[in-house]
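Every number in this text was worked out from the coordinates using simple rules, so none of it is lab data. Fair warning: this is a prediction, and the values are worked out from it, not measured in the lab. Note: ideal-geometry Cβ built from the backbone for every residue, glycine included; neighbour counts use all protein chains shown.
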Amino acid sequence: MTELPAQTAFADRVAEAMPSGIGKTVRGLSDKAIAWLFIGPTILLLLAINIFPLIWTIYLSFTNYRANRPNAEVKYVGLDWYHRILGDADVWAAMQTTAHFVIWTIIIETVLGFGLAWLIDKKFRGHALWTTVILIPMMLSPAVVGNFWTFLYQPQSGLFNYAISFVTGIDPSSFQMLGSVRLSPWAIVIVDAWMWTPYVMLICLAGLRSIPDYIYEAAEVDRASPWRQFWSITLPMALPFIMLAVLFRGIENFKMFDMVNLLTGGGPGSTTEVVSITLKRQAFESWRTGYSSALAIILFVTVFGLANIYVKALNRVKQR
Amino acid sequence: MRKLIAVAAAIGAAVLMTGASIDGARAADKQLTLCWAAWDPANALVELSKDFTKQSGIDMKFEFVPWTNYADRFLNELNSHGKLCDLIIGDSQWIGGSAENGHYVKLNDFFAKEGISMDDFMPATVVGYSEWPKNTPNYWALPAMGDAVGWTYRKDWFAKPEIQAAFKEKYGRDLAVPKTYDELKDIATFFQGREIDGKTVYGASIYTERGSEGITMGVSNVLYDYGFEYQNPKKPYEMEGFVNSPGAIAGLEFYKELYKCCTPPGASNSYMSEGLDAFKSGQVALQMNFFAFFPGLYKDPNVGGDKIGFFVNPAGPAGHFTQLGGQGISVVAYSDKQDEALQYIKWFAKPDVQKKWWTLGGYSCAKSVLNDPSFPESAPFAAQFLESMAMVKDFWAEPSYAQLLQAEQKRVHDYVVADQGTAKEALDKLVADWTQVFQDDGKM
């Protein structure tokens, strides 16, 4: 039996699946052309909604354009906005707030997420039910989470304050989680950890379940203690997964906007003003489109650069 | 055959429905959309506008957005040259930007043609809501909703003999409506944490909101009274020594003290609706809020009627002023129905319509209403409203008002609520921010 070359067969199959007129045209095209025909619309869409806005934002960052003054003359300002942003103490303060938020959420979510994954991996009775229950916060919309935690944190009627009062004995209305300079950054960290620890747990669980049983069996034969097994087998083999979870959460939290906006709006004062809130205020409240475009580009480059360095580290860990 | 009948019936129904939708579209041609904030006066306007529909045959559709999103939503709409709104009741500070960016139709010719005179409206409202540049006869709106910041208090608590006695014992004077900010602070301190009818109550609800304009609208009432000026009256845009004058610094310090001593727990982000909630739920003795809400509060079954009293913003060491609220009504330049929109403005400017506007709960700016001898007695807060409108000051109405506002929101909130730096540092930074804005605009 003679078999048609795979390429011809593919072109023919595509041609057959099309109306006769188009089919004839397709039959005359090379496989490469057909492949472009298929991916072309997707590429165009990506260019239109991703690449073009990026290039346009870069362009705007060198101008004095303001979206609320469309008729005003647009002037080229060179690197002025970049210079001003990098020397702006308020932007650096927002960066510090963002770093505080990112670092603490990652630490808490990783420790708790891995701990929960380790427990769930023990496959105790009802572990499937517990897995589902633990995952619920992650499935909620950030808008819903932000709103109901706002109520939970109410100093006079919120359950959170009453729970703290029950444990510590202090008056529930004597402290405000969202209105206090000292507590509000932690209020946001708590909500983010509550919502996203299950996500980290899920990734870590995948890592733990990918470790073959025979390695543990060999360790048992060698009389390795559970502690030794954890440090020498579990943690190193799950590490790439943990690092992946850290990468995802790091990128997400660097850009965090919705939850902070709903919980504190960046306040009190600028205490919880993460850099995405600054960006929103500059772009859509102060209408400094050129300035905010420059800030957006700086943030993009920062996240992109950090993520690249991290991915290189991740690859190195995987190769070990 | 049955199938054939069914298909024919379906086609017939579709044709009829198409006809109906064409009729609907024709009716919709005679429809105006009016955009405003979602609050009590908006409901009064809906009621009032029914008369316009009756007289003109033009349907009125309303697009009301909560205050916290009002500026974002409608400024976006105007900036994108959207056609959603034919008429807009825009905030007083938008007038500069909206005039310069061509969002509003200039009304001078229309006013001249229709015999509408700005002399028929309260001068403060004409300057505040209609003119750009300020104090020039260039009109972009008709004063629609007069408003200013005032105060409400729990008249029933003030009347309690045991409360009066305790206050007199502590302060050596009778408990009465405060005339100065010092008196107001004493009263607020007195009520803070006090047990009344078995419930812990607090001193005052004041504006502290960070996101939009809240804390600026609140602190300005104190700053004006303590000597704050936006600029040198003799040299525009010169702010050093005016924005951060010793009086202004003292005023800002006072506002922080008031926030710290006398507000309910969790009041770090309060604006109009939070103030209303605090007062209606019987949490506070005093409430700072716009007059626009007072008709609704007076009708409230729990705290209205005999239980509520009203007073004007107290005086300070350097004067007696209050923050202007309120808005003018403008025709949107991108509307396809400008003629009908102008027809609405002509109707709205009529003295009898203005009179009904006030009786329904809107605040007319027309002299025919406000100068009527019976006006001060027409509502328990009417006299205070009249007094307030004679001493109003407003925030910048420059095209860059949003940037100027955000700068003040940040600097004041950082100091008052977040305890960052001193009052002097906050106002010095504000001068630097505003200077930068005006320099970027080429005005300095």
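Annotations
- Average beta carbon contacts from partner chains per residue of A:270-279, 10 Å cutoff: 2
- Database remark: amide H of residue B:63 closer than 5 angstrom to the amide H of B:34, B:35, B:36 (H placed geometrically; neighbours at sequence offset of 5 or more, or on other chains; Pro and chain starts carry no H).
- Derived scalar couplings ³J(HN,Hα) [the range A:290-301; Karplus, 6.51 cos²θ - 1.76 cosθ + 1.60; whole Hz; x for Gly, Pro]: x, 4, 5, 5, 5, 5, 4, 5, 4, 5, 4, 4
- Average partner coverage of B:411-421, which counts Cβ from other chains inside 10 Å: 5
- Proximal lysines relative to residue B:350, as straight alpha-carbon distance under 23 Å, when same-chain residues fewer than 8 apart are discounted: B:30, B:50, B:54, B:61, B:106, B:113, B:337, B:367
- Residue B:205 long-range amide H proximity, modeled H, under 5 Å: B:286, B:287, B:288
- For residue A:158, no residue whose modelled amide H falls within less than 5 Å of its own remains once neighbours fewer than 5 places apart on the same chain are excluded.
- With a cut-off of 13 Å between beta carbons, the residues surrounding residue B:329 carry a summed charge of -1, where Lys and Arg count +1 and Asp and Glu -1.
- Dividing the summed -39500 (n - 2.57) terms of all DSSP H runs of n ≥ 4 by the residue count of chain A sets its mean residue ellipticity at 222 nm at -22000 deg cm²/dmol.
- Of the trypsin sites (Lys or Arg not before Pro) in the range A:45-110, the ones in a loop by DSSP (not H, G, I, E or B) with at most 12 other beta carbons within 10 Å are A:75.
- Across the range A:248-264, computed HN-Hα scalar couplings (Karplus, 6.51 cos²θ - 1.76 cosθ + 1.60, θ = phi - 60°) run 4, 5, x, 5, 4, 6, 5, 8, 3, 9, 4, 5, 5, 4, 6, 6, 10 Hz from first to last residue, x flagging Gly and Pro.
- Peptide-level mean, for B:264-275, of C-beta atoms on other protein chains within 10 Å: 4
- Lys pairs under 27 Å by Cα in the range A:80-319, provided they are eight or more residues apart or on distinct chains: 5
- Take each peptide in A:302-309, B:144-151, count the other Cβ atoms within 10 Å of every residue, and average; sorted highest first, the result is B:144-151, A:302-309.
- Spin-label model, residue B:199 to residue A:252: label points 7 Å out along the Cα-to-beta-carbon direction sit 4.2 nm apart.
- Residue-wise HN-Hα coupling along the range B:283-292, computed from phi with Karplus coefficients 6.51, -1.76, 1.60 (Hz; x: Gly, Pro): 7, 10, 7, 10, 9, 8, 6, 6, 4, 3
- As a length-normalised measure over Cα pairs under 8 Å and 6 or more apart, the relative contact order of chain B settles at 24 percent.
- Ranked for footprinting exposure by Cβ neighbours inside 10 Å, fewest first, B:444, A:139, A:259 give A:139, B:444, A:259.
- Taking 4.7 Å between C-beta atoms as the pairing limit, the protein assembly as shown has these partnerless cysteines: A:204, B:365.
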